[in-house]
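Participant: After the structure tokens below, expect a handful of questions from me.
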Amino acid sequence: MSTSNRTTGPTKSPRRWLMRLLLIVPLVWLLVLGSLADTYVRALLYQPCPTGPEQLPDYRSITIKTGDGYTLRGWWHPPEEQNGVAVLLLGGNGASRDAMLPEANWLISQGYGALTIDYRSCVGGPATLGLREASDLPRLEAFARAQPEVKQVIVLGFSAGGVAAILGAEHSPNVQAIIAQGQYSSLAHEITNDGSHFPSLQWQMNTLVLLDFWLRLGVSPAQISPLASLPRLGERPVLLIFGEGEAENNQAWLQAQAAGDNAELWIVPGAAHGGYWQAQPEEYEARLRAFLQRVTSPQP
């Protein structure tokens, strides 16, 4: 009687298993980190929009159509006839038209006009940390200049709104002056300025976040840069405001240097990111009042 050896298939060698493991583990690692990075980016771009009243005393509810098809709500109050200056107010990331109402109310009390606006996140789109918001500035300016009381236009932005104010003013030469508060120097610097180095976990996360922003916005985060745009504002006056707790991270002194001789820089004692008015109320109002009076002139 004869016997034969029967096999069920080739035996997987330890080397083959090791090779597969070396391929699978980095892929799983990349997918996990990529998912975390994408969750972080989406949370920034799709902020919940704060709800507010549909009507306000003394304000007119208006809409602005963006170049990419969104219809954004705003609040408008005209300037006093003898003043003639409208201030366009751009809030921080994900802001609604109500976010800058305290500043708008103060400006109105000084005789200025005020226009606030929603972010795209209020109508289901992504906020873009100042990038596409900057492209809205010419449309806001056009609305303001179409009003019979308006002779001059100034922009005031906070955080991502400060980014939008600077980037947008670069392409809106008739915006007479810029007030920017608490804006990052560039989005790439904001993401990577934590001291991490290759190949640390934080460095890997930062790299994937940069890539995610690039894919979603279509622009390298290094190109979303007030620091690069400030020198291109020409001789227009610029007021830069930062809290002492954020000034170094936001490269406040470099931004002021980039803006040139027409720039004023105020580092607010006791403030971090925001809260400048609350930290130094009298000084805040005095500096804004002096700047606005200096950069505007009575119009015939």
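Participant: Enumerate the amide H contacts of GLY125 below 5 Å, restricted to partners 5 or more residues apart or on another chain; note that Pro and chain-start residues carry no placed amide H.
Facilitator: For GLY125, no residues qualify.
Participant: At what distance in nm do the modelled label points of GLN293 and GLN82 sit from each other, each positioned 7 Å from its Cα along Cα→Cβ?
Facilitator: Label at GLN293, label at GLN82, 1.4 nm between them.
Participant: At 7 Å along the Cα-to-beta-carbon direction for both ASP194 and ILE62, put a label point, then send me their distance in nm to one decimal.
Facilitator: With each label placed 7 Å out from Cα toward Cβ, I get 4.0 nm.
Participant: Could I ask something else about it? So which residue, out of LEU210, LEU27, LEU36, gets the largest mean-square fluctuation from a GNM of the chain using Cα contacts under 10 Å as springs?
Facilitator: LEU27
Participant: Which residues make up the longest stretch of the chain clear of GluC sites (Glu not before Pro) that lie in a DSSP loop with no more than 12 other Cβ atoms within 10 Å, not counting the sites?
Facilitator: Answer - 82-234.
Participant: On a full-extension model of 0.36 nm per residue, what is the gain between GLN257 and GLU149, subtracting their alpha-carbon distance, rounded to one decimal in nm?
Facilitator: Here the segment from GLN257 to GLU149 would lengthen by 35.4 nm.
Participant: Post the alpha-carbon centroid distance, segment 267-286 to segment 223-243, in whole angstrom.
Facilitator: Centre-to-centre (Cα) distance: 20 Å.
Participant: Okay, moving on. Would you please give the FRET efficiency between HIS273 and GLU54, computed as 1/(1 + (r/R0)^6) with r the Cβ-Cβ distance and R0 = 25 Å, to the nearest 0.05?
Facilitator: Plugging the Cβ-Cβ distance into 1/(1 + (r/R0)^6) gives 0.25.
Participant: Got a sec to turn the phi values of segment 51-68 into Karplus ³J(HN,Hα) couplings, 6.51 cos²θ - 1.76 cosθ + 1.60 with θ = phi - 60°, whole Hz, x for Gly and Pro?
Facilitator: 8, x, x, 7, 9, 10, x, 6, 10, 9, 7, 10, 10, 10, 8, 7, x, 9
Participant: For ALA142 and LEU211, what does the FRET efficiency come to when R0 = 35 Å and r is the distance between their Cβ atoms, rounded to the nearest 0.05?
Facilitator: The computed FRET efficiency comes out at 0.50.
Participant: Per the Kirkwood treatment, what hydrodynamic radius in Å, one decimal, follows for segment 57-181 from the mean inverse distance over all distinct Cα pairs?
Facilitator: Evaluated on segment 57-181, it is 13.8 Å.
Participant: Still on this structure: Please find, in a Gaussian network model of the chain (springs between Cα atoms separated by less than 10 Å), the residue of VAL175, VAL32, VAL238 whose mean-square fluctuation is greatest.
Facilitator: VAL32
Participant: Of all chymotrypsin sites (Phe, Trp or Tyr not before Pro) in segment 42-122, which ones are in loop regions per DSSP and have a Cβ with at most 15 other Cβ atoms within 10 Å?
Facilitator: Those that pass, being in a loop and sparsely packed, are TYR46.
Participant: Treating each Cα of the chain as an identical point scatterer and ignoring solvent, apply the Debye formula and state log10 I(q)/I(0) at q = 0.08 Å⁻¹.
Facilitator: -0.40
Participant: Taking only DSSP H segments of four or more residues, each worth -39500 (n - 2.57), what value at 222 nm results for the chain once the sum is divided by all its residues, to the nearest 500 deg cm²/dmol?
Facilitator: -12500 deg cm²/dmol
Participant: Given DSSP loops and a limit of at most 16 other Cβ atoms within 10 Å, what is the longest stretch of the chain that contains no such trypsin sites (Lys or Arg not before Pro)?
Facilitator: 13-300
Participant: Divide, for segment 82-150, the radius of gyration over alpha carbons by 2.2 N^0.38 Å, where N is the residue count.
Facilitator: Segment 82-150 yields a ratio of 1.15.
Participant: Please give the helix 14-45 orientation as an angle from the longest Cα principal axis of the chain, in degrees from 0 to 90, rounded to the nearest 10.
Facilitator: That helix lies at roughly 20 degrees to the long axis.
Participant: What share of Cα pairs, in percent, lie more than 27 angstrom apart in segment 141-300?
Facilitator: That tail contains 30 percent of the Cα-Cα pairs.
Participant: Please report the relative contact order for the chain, taking Cα pairs under 8 Å with a sequence separation of at least 6, and give it as a percent rounded to a whole number.
Facilitator: Answer for the chain is 14 percent.
Participant: Which length gain, in nm to one decimal place, applies between GLU282 and LEU23 when the Cα-Cα distance is subtracted from 0.36 nm times their residue separation?
Facilitator: 87.0 nm
Participant: Further, regarding this structure: Mind telling me which of GLN204, GLN110, GLN55 comes out most flexible in a GNM of the chain, alpha-carbon contacts under 10 Å?
Facilitator: Checking each option, the largest mean-square fluctuation is seen for GLN55.
We did not get these values from a lab; they are worked out from the coordinates using the rules stated. Keep in mind the model is a prediction, meaning the values are calculated, not measured. As a convention, Cβ positions derive from the backbone with ideal geometry for all residues, glycine included, and neighbour counts pool all protein chains shown.
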